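What follows is a set of notes on a single structure, which appears directly below.
Derivation of every value follows stated rules applied to the coordinates shown; laboratory data play no part. Since the structure is predicted, the reported quantities are computational estimates derived from the model, not experimental observations. Cβ atoms come from the backbone with ideal geometry, glycine included; neighbour counts cover every protein chain shown.
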């Protein structure tokens, strides 16, 4: 499938800013099953940009903008050719070994409830692949999926206790439970093409990957209860949202900040 992504982020400031620095994790890599045909990052004013690879192997772009600045739009767009590999990820730039994804973070710490969930599932499954599918489906059955924007910095145990959340929450809970069982798991950010089309989305999509010895890294979209197929564009990975967030940074100036995100994902040519 050829997927076209148009991702717009607009910042507006109540008072002019003297400088803006942003770290962008918005450029998808090419690997087996995902080939980036074209991709660009455009700014609506003079800016300096520098690309690099971070400690997880993600393509990152540092953005530097001098003021006075009261508004800026960052547009990421491109076309990606994808294939269905049944969730199995190969050919990626793996900087870290799987064991590096065993450590808990503040967003993926497992409390007693998540530990109990993990122990219940491991008792009734033997195969790691079957166990992880069971974990995905059980989390989905216990959580209500909220569409639209949420708080991606909400801790996994808080979301699990409240019984609802956005896709970032589902990925964090899955990672917390898998790591508690000694299974390397990581957070993934990217885009999802919704078959049949749909309106512009308020955010990127998120899912998780877990390590299976016989297969390698394998994806699980917990919010939708499926393994990623050719409708997914994989952009960045990390231990949690903080490490894979599309945008993060700082500004120099007083006043309030307003951010508006619009993501449109379509089949190329539509």
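Side notes on the structure shown:
- Residue order, fewest to most surrounding Cβ atoms within 10 angstrom, among 164, 4: 164, 4
- Highest mobility in the GNM of the chain, judged by mean-square fluctuation with C-alpha springs under 10 Å and restricted to 145, 174, 220, is found for 145.
- Mean-position separation - Cα centroids, the range 58-82 and the range 165-182, in angstrom: 29 Å
- Angle between the chain longest axis and helix 167-180 axis [Cα atoms, degrees, rounded to 10]: 40 degrees
- Proxy reagent accessibility, fewest Cβ within 10 Å first, across 62, 143: 62, 143
- Kirkwood analysis of the Cα pair distances in the range 97-244 returns a hydrodynamic radius of 15.0 Å.
- With contributions of -39500 (n - 2.57) from each DSSP H run of at least four residues, the per-residue ellipticity at 222 nm computed over the chain stands at -5500 deg cm²/dmol.
- Area projected by the alpha carbon convex hull of the range 120-186, averaged over all directions, nm²: 4.5 nm²
- Normalised by 2.2 N^0.38 Å, where N is the number of residues, the C-alpha radius of gyration of the chain stands at 1.01.
- Residues 227, 115, 175, ranked from the fewest to the most other C-beta atoms within 10 Å, line up as 115, 227, 175.
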